[in-house]
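Student: Before we start, here is the structure in question, set down as structure tokens.
Rule-based calculations on the coordinates, nothing more; no lab input. From a predicted model like this one, the values you see are computed outputs, not experimental measurements. Neighbour counts run over all protein chains shown; Cβ positions are idealised from the backbone, glycine included.
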Amino acid sequence: MMQLLGLSYHLRTFGCQMNQHDSERVAGMLDSLGALPVQKAEEADIVVFLTCCVREAADVRVLGQVASLKNMPTPTGGKRLIAVGGCLAQRDGVKIVEQVPHIDIVFGTYNVASLPSLIEAALAGQGAQVEVLEQNQALSTVLPTTELPSRREQFWHAWLPIMTGCNNYCSYCIVPYVRGREISRPFDEILREVDTLLSDGVIEITLLGQNVNSFGRDLYGETRFAELLRRIGDSGIQRLRFVTSHPKDLSLETIEAFAETKAVMPHLQLPVQSGSNRILAAMNRSYTVEQYLALVDAVRQAAAAAGKGDGSYQGAVALSTDIIVGFPGETETDFQATCDLAKAVGFAQAFTFIYSRRAGTPAAELVDDTPAEVIQDRFQRLVAAVQQSAWQQNQLEAGRVNQVLVEGVSKRDPLMLAGRSEKNTTVHAPLPAGSSADEFVGRVLPMRIDTAKTWYLQGELI
Ligand code: 5AD
Ligand code: SF4
């Protein structure tokens with residue numbers, strides 16, 4: 001295999017955790033070939049973009065960043081290689097190099113492992129390299145993903161993909177078209193990877209999939225996510241998380257496994273998207289507001305009964321969600337219903353998005369005459385409602401001791417340790433005098449919470 005000794009590279013990652021994990025694999029491959037990671041694109045001979053196309057804003061940003069690299073000199077004065085991977089690459093393929101000729105490499109979501117050979121060909125002056133396989137062509141070559149080296153962003157944390165793709169076809173969403181149908185990884189292969197991660201000293205694993213609740217259905221004819229949670233929970237891993245859950249596939253069995261498995265952290269990301277039954281139907285989400293609220297109740301009851309979090313109904317588990325504002329045809333009444341639902345649930349966190357029309361999805365065909373200002377105004381009101389509920393949820397922690405996995409120091413204050421509580425809330429605590437943050441990073445430590453803000457908790461190491 002070729003070597004990239006003496007060449008520097010820079011990675012820019014957009015979008016979801018699947019891309020973050022892919023970028024760790026790209027880093028692992030380039031490192032193993034001797035290339036050197038650098039912090040700035042200006043300093044790099046090779047710049048790799050892992051792109052997202054879930055919303056238009058992400059596409060536009062990537063292409064803007066690529067354009068800005070066009071005439072920028074490299075540190076060695078040679079030509080800079082620009083590689084574009086991820087979902088935009090999968091969607092647009094060769095069109096990307098036709099539109100932006102200074103892009104050298106386009107690699108699809110199934111072609112991450114080919115990046116080194118594409119770089120080699122591009123360096124050898126063989127012109128633009130495009131490798132974008134369709135899922136059916138790729139199946140024999142891409143899985144398992146384990147065989148690629150990976151350089152983890154943090155030594156204590158690992159992303160662990162348990163499946164790829166999505167079969168749900170929510171009417172607004174491009175993901176099923178760029179990530180393909182659901183393919184689960186074999187149970188035993190996942191457990192083996194858990195063992196490897198444990199022996200590497202990882203203390204927190206986040207299981208990844210577009211819809212982890214349906215894990216196993218394609219391979220075993222039935223979902224085995226509950227069993228997977230329990231088995232990984234028994235492995236000795238300290239903290240286990242997973243994203244994302246589709247409400248329609250969150251079974252009672254999974255809720256029980258979530259509640260009863262001690263290593264599974266008391267935090268659940270459960271995207272609701274809308275609080276209006278009419279809009280949920282138009283989105284093809286396959287559940288109603290009433291069913292969603294019943295699920296939340298079942299999760300809270302099970303988690304409280306199992307003594308998760310603070311063991312109380314409201315404080316046993318932190319719920320977070322995704323919400324889309326301005327789906328075609330959304331009325332003020334529909335929107336109000338979404339705000340009401342957000343208040344009723346009491347989300348600890350919510351990712352809020354303005355609907356973005358994605359060509360090729362069913363919703364792109366719907367007409368909508370809601371003025372952009374009206375949607376913007378609804379978005380602001382939703383953000384305010386979500387902030388209010390996050391603040392309220394955080395108040396439950398004031399005066400309590402949280403177990404915090406220290407990640408580093410606060411961006412704004414190098415004398416302030418920053419980490420994540422079990423409920424996935426950011427916690428800040430002053431660095432003890434005379435010590436260095438490195439002594440604490442990657443450890444789970446108890447902190448007493450003094451003050452609860454909207455987006456973080458302020459505490460003290462005990
Ligand atoms: N417009 C806006 N938000 C979207 N999402 C997915 N597709 C779109 C779209 N077309 C949001 C959903 C999903 C999250 C990852 O992104 O809320 O849960
Ligand atoms: Fe997109 Fe829906 Fe699949 Fe999530 S469940 S990736 S929103 S189609």
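Student: If each DSSP helix of 4+ residues adds -39,500 (n - 2.57) and the sum is divided by the residues in the chain, what number results at 222 nm, nearest 500 deg cm²/dmol?
Tutor: -10000 deg cm²/dmol
Student: Report the charge-dipole magnitude of the range 369-419 in Debye, nearest 20, computed about the Cα centre from +1 at each Lys and Arg Cβ and -1 at each Asp and Glu Cβ.
Tutor: 180
Student: Please return the longest stretch of the chain lacking exposed loop sites, where GluC sites (Glu not before Pro) count only if DSSP places them in a loop and at most 15 other Cβ atoms lie within 10 Å.
Tutor: With a cap of 15 other Cβ atoms within 10 Å, the longest stretch comes to 223-462.
Student: If you don't mind, another one. Out of the DSSP beta bridges found with both residues in the chain, what percent are antiparallel (nearest 5)?
Tutor: If we restrict to bridges inside the chain, about 35 percent are antiparallel.
Student: Would you kindly derive the ³J(HN,Hα) couplings of the range 316-325 from the backbone phi angles with the Karplus curve 6.51 cos²θ - 1.76 cosθ + 1.60 (θ = phi - 60°), listing them in order in whole Hz, with x for Gly and Pro?
Tutor: Listing the rounded values in order: 6, 8, 8, 9, 10, 8, 10, 9, 10, 10 Hz.
Student: A further question follows. Could you size up the charge dipole of the chain around its Cα centre, putting +1 on the beta carbon of Lys and Arg and -1 on that of Asp and Glu, and report it in debye to the nearest 20?
Tutor: Dipole magnitude for the chain comes out near 400 debye.
Student: What ranking do I96, I183 get, fewest neighbouring Cβ atoms within 10 angstrom at the top?
Tutor: So the ranking, lowest neighbour count to highest, is I183, I96.
Student: Would you list which lysines come within 24 Å of K95, measuring only between C-alpha atoms, while excluding same-chain residues fewer than 8 positions from it?
Tutor: By straight Cα distance, K95 reaches K70, K79.
Student: Please give the Cα centre distance for the range 1-22 versus the range 243-296, rounded to the nearest Å.
Tutor: The two parts, judged by their Cα centres, are 33 Å apart.
Student: Shifting gears a bit: What three numbers, in Å, describe the spread of the alpha carbons of the range 143-263 along their principal axes, ordered from the longest?
Tutor: Here the spans come out as 41, 33, 24 Å, largest first.
Student: Here's a follow-up. Taking one equal scatterer on every alpha-carbon of the chain, how large is log10 of I(q)/I(0) by Debye at q = 0.11 1/Å?
Tutor: Summing over Cα pairs of the chain leads to -0.99.
Student: Can you return the lysines within cross-link range of K343? Criterion is Cα-Cα under 26 Å, with same-chain partners fewer than 8 residues away left out.
Tutor: K248, K308, K423, K453
Student: Per residue of the range 416-426, what does 6.51 cos²θ - 1.76 cosθ + 1.60 with θ = phi - 60° give for ³J(HN,Hα)? Whole Hz please, x for Gly and Pro, Karplus curve as stated.
Tutor: Going residue by residue, I get 10, 5, 10, x, 10, 6, 4, 7, 6, 8, 5 Hz, with x marking Gly and Pro.
Student: Taking amide H positions as placed in the peptide plane 1.01 Å from N, state which residues far from D45 in sequence (5 or more) or on other chains have amide H under 5 Å from it.
Tutor: S8, Y9
Student: Here's a follow-up. Which of M18, M72 has the fewest other C-beta atoms within 10 Å, and how do the rest follow up to the most?
Tutor: Listing M18, M72 from fewest to most nearby Cβ atoms yields M72, M18.
Student: Could you list which residues have their amide H under 5 Å from that of G329, counting only those 5 or more apart in sequence or on another chain, with H placed in the peptide plane?
Tutor: The answer is D369, T370.
Student: Hand me the trypsin sites (Lys or Arg not before Pro) from the range 252-343 located in a DSSP loop with no more than 16 other Cβ atoms within 10 Å, in residue order please.
Tutor: Sparse-neighbourhood loop trypsin sites (Lys or Arg not before Pro): K262.
Student: Using the count of nearby Cβ atoms within 10 Å as a rough guide to exposure, how do Y287, Y177, Y172 rank from fewest to most?
Tutor: With the fewest neighbours first, Y287, Y177, Y172 line up as Y177, Y287, Y172.
Student: In addition: For Cα pairs less than 8 Å apart in space and 6+ apart in sequence, what is the mean separation divided by the residue count of the chain, i.e. the relative contact order in percent?
Tutor: 9
Student: For the range 22-33, take each phi angle, set θ = phi - 60°, evaluate the Karplus expression 6.51 cos²θ - 1.76 cosθ + 1.60, and give the result in whole Hz per residue in order, putting x for glycine and proline.
Tutor: 4, 5, 5, 6, 4, 4, x, 5, 5, 4, 5, 8
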